[in-house]
1. With respect to the numbered conditions (1) under 27 Å from residue 43 (Cα atoms); (2) surrounded by fewer than 19 Cβ atoms within 10 Å (Cβ to Cβ); (3) modelled with pLDDT of 95 or more, which one is the sole condition not fulfilled by residue 174?
2. Residue check: is residue 119 closer than 24 Å to residue 76 by Cα and among the small types (Gly, Ala, Ser)?
3. Would you check if there is a residue in region 246-262 being within 11 Å of the ligand (Cβ to nearest atom) and modelled with pLDDT of 95 or more?
4. All but one of (1) within 9 Å of the ligand (Cβ to nearest atom); (2) part of a loop (DSSP other than H, G, I, E, B) hold for residue 216, so report the exception by its number.
5. Out of (1) part of a helix (DSSP H, G or I); (2) within 8 Å of the ligand (Cβ to nearest atom); (3) under 27 Å from residue 157 (Cα atoms), what's the single condition that is false for residue 189?
6. Name the pairs whose Cβ atoms lie under 6 Å apart, with the first residue in region 17-35 and β-branched (Val, Ile, Thr), the second buried (at least 22 other Cβ atoms within 10 Å of the Cβ) and in a loop (DSSP other than H, G, I, E, B), and 6 or more positions between them or separate chains?
7. Please work out if residue 235 is among the small types (Gly, Ala, Ser) and within 11 Å of the ligand (Cβ to nearest atom).
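The values are calculated or read from the model by the stated rules, or taken from the named source; none is laboratory data. Keep in mind that this is a model prediction, so the values were computed, not measured. FYI the Cβ positions are ideal-geometry reconstructions off the backbone, even for glycines, and counts take in every protein chain you see.
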Amino acid sequence: MKNTEIPKFVTLNCGVRMPRNGLGVYELERDTCFRAVKFALANGVRLIDTAHYYGNEREVGRAIRESGVPRDEIFVITKLYPNQFAAPEAAIAEAAEKLNVGAIDMLLLHHPGRNDAKAYRAMEKALAAGTLRTLGLSNWTDADLEKFLPKISVVPALVQNEIHPYNAEHADVAKILRRGIAVQGWYPLGGREERKKMLGDATICAIAAAHGVSAARVILRWHLQRGLIVIPGSGDPEHIAENTQLYDFALSDAEMAQIDALDRDENHDW
Ligand code: NAD
């Protein structure tokens, strides 16, 4: 994508529209999560990413219900953990019950694992029944997709993988996008432990200074200009608000290339 205007929504392969930037709520516990989601929704964020594993689906659901924002303007993603794949119908029902916001906008399988195709096929049934609006996968490489797609009927709308300047996944992102599947980056700022290193990166800081914006905004804008969807995590109102300010400046092709060149295949998690 060029450094022209970036639409704030992506149309998925199933025709459903989803916001291009959102809030991730990994490691935000109970009231912190509730307050963060409520603040985000009050400040224009319309995409929330949670998971069974995060233990905060109830708080996300309550914040959505109490936000005053029309439900159909909000896009909520949750995920089934591999230890739920053997009994997927119960797991889907549990997610719907905990969130309690009507149809779940997107359900992902959190990681590949035993019974993942079985769980996905149960998700396909829930999609047909209207419990889910869209389906996706997380932590699936393009090679994993190649093996998985023949086992299922509904092509995933989205894949959510670890992507940031030190782990840019250039080849895999291009291949997955070519399949018509949207790509979303988790750890878009490099994750909790490594964030300070990335936000202090000399190349990123020089670009940030040239635009008069923060390093976080530069990194998130780099994701958007690559055609990705981002879900930076934070419980800090200032950061949540800052992470929405991604549409009023643009990186040049040369700046994009400079950040692209920081890639060193450095995973910051499993
Ligand atoms: P991140 O890369 O989004 O970085 C978060 C860190 O950056 C936090 O410490 C936060 O306080 C800080 N931060 C956020 N905005 C900032 C700003 N503007 N300036 C300075 N610091 C800022 O890492 P994350 O939150 O762990 O990941 C994002 C989301 O991705 C998670 O919340 C979760 O929803 C998702 N996720 C998914 C998986 C998966 O396996 N599918 C794994 C990890 C995370």
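1. (1)
2. yes
3. The answer is yes, given that some residue of region 246-262 is within 11 Å of the ligand (Cβ to nearest atom) and modelled with pLDDT of 95 or more.
4. (2)
5. The failed condition is (1).
6. 25/50; 25/56
7. yes
Every residue, every condition in (1) in contact with a Phe, Trp or Tyr (Cβ under 9 Å, 6 or more places away or on another chain); (2) at pLDDT below 95, yes or no:
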{"position": "186", "(1), (2)": "yes, no"}
{"position": "192", "(1), (2)": "yes, yes"}
{"position": "200", "(1), (2)": "no, yes"}
{"position": "219", "(1), (2)": "no, no"}
{"position": "229", "(1), (2)": "no, no"}
